[in-house]
Amino acid sequence: LSLSRQVQDKISELDKKMERLIDLFVEQEISQEDYKIKKAKILNDKQLLKEKLGEIEKGSGGWLEPSKNFVSTCNQASYVARQETPAAKRAILKIIGSNFLLFDRTLFISYSYPYRFIAETGPGRKLGWMRGFEPPATCATGKCSIQLSYTHHKKSGFLEK
């Protein structure tokens, strides 16, 4: 079992203990003072376990949400790149890059991590989600450029109008 599952099981055990303790108190098999002491201990242990569970889930799940966002953005970018909507393309480019510079009808972009890896692979590696945003073959520094239109030139690696 995973560590978080073990902690959840211990919390469930403490809930069952609390129910038994309440039953004993209702049936007057333990005194009110003993009930208060045992109840405080169970609640304290339960609170500590909940905090531990929160730390476990925060620490182990820290990669999941960013990974989900990355995959979703890549998927969305593949659809947006095929569209003729400049506003949608601009929105995706704002997510995947920064430091935009327009020079001589060429848009220079610094792709942000982890999108730099996808941009560097380009259309020749069959990932293809960046069609419409293709970088040149030399994109290793993270500073890549594309032209504003969508016809790919094989020699330069740039997109031309």
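Just so you know, all these numbers are worked out from the coordinates, no wet-lab data involved. All values derive from a computational prediction rather than experimental measurement. All Cβ positions, even for glycine, are placed from backbone atoms using ideal geometry, and neighbour counts span all protein chains on display.
Assorted remarks:
- Cross-link pairs beyond the 32 Å C-alpha cut-off, checked among K39/K68; K17/K68; K17/K58; K50/K94; K68/K89; K41/K68: K39/K68; K17/K68; K50/K94; K41/K68
- Annotation: aspartates and glutamates with alpha-carbon distance below 20 angstrom to K36 (same-chain offsets under eight excluded): E13, D15, E19, D23, E27, D45.
- Binned Cα-Cα distances of region 1-54, short to long, each 10 Å bin given as a whole percent: 25, 45, 22, 8
- Cα-centre dipole for region 7-100 with unit charges at Cβ (Lys and Arg positive, Asp and Glu negative), debye to 20: 700 debye
- Remark on L107: its backbone amide H falls under 5 Å from those of I146, Q147, L148, a criterion applied only to residues 5 or more positions apart or on other chains, H modelled at 1.01 Å from N.
- Here the Karplus relation 6.51 cos²θ - 1.76 cosθ + 1.60, evaluated at θ = phi - 60°, turns the backbone of region 87-95 into coupling constants of 5, 5, 5, 4, 4, 5, 4, 5, 6 Hz, with x for every Gly and Pro.
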